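Notes follow the structure.
The values are calculated or read from the model by the stated rules, or taken from the named source; none is laboratory data. In this text, all values refer to a predicted model and were calculated from it rather than measured experimentally. Here the Cβ is made from the backbone with ideal geometry for all residues, glycine too, and neighbour counts use every protein chain on show.
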Amino acid sequence: MTSARVIPLFPLSSVLVPGLVLPLHIFEPRYRQLIADLEGQHEDDRGFGVVAIREGHEVGADGVHALHDVGTFAALREATTLPDGRSDIVTVGTSRFRVLELIDGKPYAQARVEWLEEESGDASAPLALSVAGRFQAYRELLTDEEDDTDLPDDPRVLSYLVGAAVVADLATRQSFLEADDDTARLRAELAFLRDETALIEQIPSLPAIDLAREPFGAN
């Protein structure tokens, strides 16, 4: 990918992180046009930028009022067109980007973006191990079950997986995505997990959260 380019945007009320698989059901005419336009592109360029909605909602031409600046490119992996023109697609998050300016000219949103480098900072094995340990303890508290999930050793993959799997509001997830490097992201997640674990331990009657029982994986 070049340092800057124009890409389609797909605003969502959620945060996509690199490595996360994102299936979508396409039904609005503007996004049907987006999928049709992608079919003519080179396979490496086939995708769109997922950005979290800061103000507004997903559906409707005038639903979105403001977007977050940092998003993730969703590479199109599968597309199944239904008889009525709708489609089911599967994408996977790849590179992060920052929106520089919005571009008119299509039924769907477009933006000129710059790609963000992935920096490790001074991320160390002990920091990653601390996050992994806290994350497993956090999941056990939420599910009331022993968590024997094998977590990735790579600090970057771990940081994105934890950021996607915790039960948090959109602003918190977005802050994890926007972290300057792996170290900053892991430290923020460690602080979050410490706070949430302490809170849950103080409320033993807290009901199990279904999201915490869902399987997850980095791809």
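For segment 15-45, a tally of residues being in contact with a strand residue (DSSP E or B) (Cβ under 8 Å, 6 or more places away or on another chain) and surrounded by 15 or more Cβ atoms within 10 Å (Cβ to Cβ) returns 16. Cβ-Cβ contacts under 7 Å between residues 6 or more apart (or on different chains), taken from a first residue in segment 68-89 that is free of Cβ contacts under 8 Å to residues at least 24 places away in the same chain to a second residue that is acidic (Asp, Glu), are listed as Thr80/Asp88. Within segment 179-198, the set of residues being outside any helix (DSSP H, G or I) and of a type in the set (A, V, I, L, M, F, W, C) comprises just one member, Ala179. Condition check for Gly71 on (1) of a type in the set (Gly, Ala, Ser); (2) part of a strand (DSSP E or B); (3) modelled with pLDDT under 95: one failure, at (3). Look at segment 31-52: where a residue is closer than 23 Å to Glu114 by Cβ and a partner is in a helix (DSSP H, G or I), sitting 6+ places away or on another chain with Cβ atoms under 7 Å, you get Arg46/Leu38; Phe48/Leu34; Ala52/Leu170; Ala52/Gln174. Yes or no: segment 157-173 includes at least one residue that is closer than 29 Å to Leu34 by Cα and not in a helix (DSSP H, G or I). There is at least one residue in segment 157-173 that is closer than 29 Å to Leu34 by Cα and not in a helix (DSSP H, G or I). Only one of the numbered conditions (1) at pLDDT 90 or above; (2) under 23 Å from Ala164 (Cβ atoms); (3) of a type outside the set (Ser, Thr, Tyr); (4) assigned to a loop (DSSP other than H, G, I, E, B) is violated by Glu58, and that is (1).
Within segment 78-123, being under 26 Å from Leu190 (Cα atoms) and among the charged types (D, E, K, R) holds for Arg96, Arg98, Glu117, Glu118, Glu119, Asp122.
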